[in-house]
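Inspection log for the structure reproduced underneath, given as structure tokens.
Nothing in this text is a laboratory measurement; each read-out follows from the coordinates by a stated rule. Since the model is a prediction, treat every value here as computed from it, not as a measurement. Reconstructed Cβ throughout: ideal geometry from the backbone, glycine too, with neighbour counts over all protein chains shown.
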Amino acid sequence: MFAPLHQLPDDDEYNIPRSPSEAEEEEEEGNAKRFLPCLTKVTLLGTLFLVLLMSVLLVGDISSRSSPICQAEVIIVRHGEKPADSSDNGLSMVGHARAVYISNCSLHVSRILDRGPPNRLVAARTEPGKSSRAFDTLLPLSEQLGLPVESSIGKKDMSSLLLLLSSLSCGDTALVSWHHELIPDIVRSLGAPNAEDFAAWPDQCPSESWPEPSWLPGNSVCYDEVWKVRITAAGKTAGRRKKKLKGKLRGWYAGNVERFQQGFAGVAGGRCRQDFQRIS
């Protein structure tokens, strides 16, 4: 008698041998089934990693393009005119008028002050029995802005001056009043790339509307000129460059020196002229 079909044994019960190719196919199929979940996990993790990496790079790129550059400005003027009497350590009448002119013309945006009024006032220290003109030149502006004149540094002490200027923050503008023969030392110490072109203060620099008086003493009668240096906070690249400029400005690197004219007309009042002219 034949057994019903539903009771027929499987091939394995008959111990029917399988060909080697069939066994290999079954083994490969089993391995594939076991490996597929692992492969899926690896693929998902790899995709997730790539998405995260692209997101970080994209955010970094947007951030680098949208972040403002950290800059500050150092604006250097010579103190106001000397008196004819060499024993007088203060400003002449004309020098006082220039100090008031500088003060009145430093309250708005101009080519010289393209960020608006300065927020740091720096002058060479007044030594006993010596000239107070650097300090006196900024005194009217100090009173108008309610800012102190930082005047603790000797006129030849470039290291201390650089340390003070290194304390500037992003967006700061320092107006520096100094003695003319040492102003080239300041821009050279700052590390301005074109400092060699500013190796000496000019002998003359009359404004368009007023020549300096003929009675002024000294070899240089240039009082109207202004030198400006824009400094940029040192990042990784700038930091490597800064190491080559050992002893220069700490945490910043300097751009080129720019030359401007105050446009002083010999009187304290009146409109601001030339590069002090209001532009907003």
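Here is the link list: 130/155; 130/228; 130/248. Which ones come out longer than 19 Å on Cα distance?
130/228; 130/248
Can you put 135, 276 in order, fewest other beta carbons within 10 Å first?
So the residues, fewest neighbours to most, are 135, 276.
Sort 197-203, 141-147 by packing, meaning the average of other beta carbons within 10 Å per residue, with the highest value first.
141-147, 197-203
Considering the Cα trace of the stretch 144-280, what is its radius of gyration and what is Dmax, both in angstroms?
Computed over the Cα atoms of the stretch 144-280, radius of gyration and Dmax are 16.6, 52 Å.
Neighbouring Cβ atoms within 10 Å as the yardstick, rank 131, 169 fewest first.
Listed from fewest to most nearby Cβ atoms, that is 169, 131.
Taking the Cβ of each residue in 81, 258, 73 as the centre, tally the other Cβ atoms inside 10 Å and list the residues starting with the fewest.
The most exposed by this proxy come first: 258, 73, 81.
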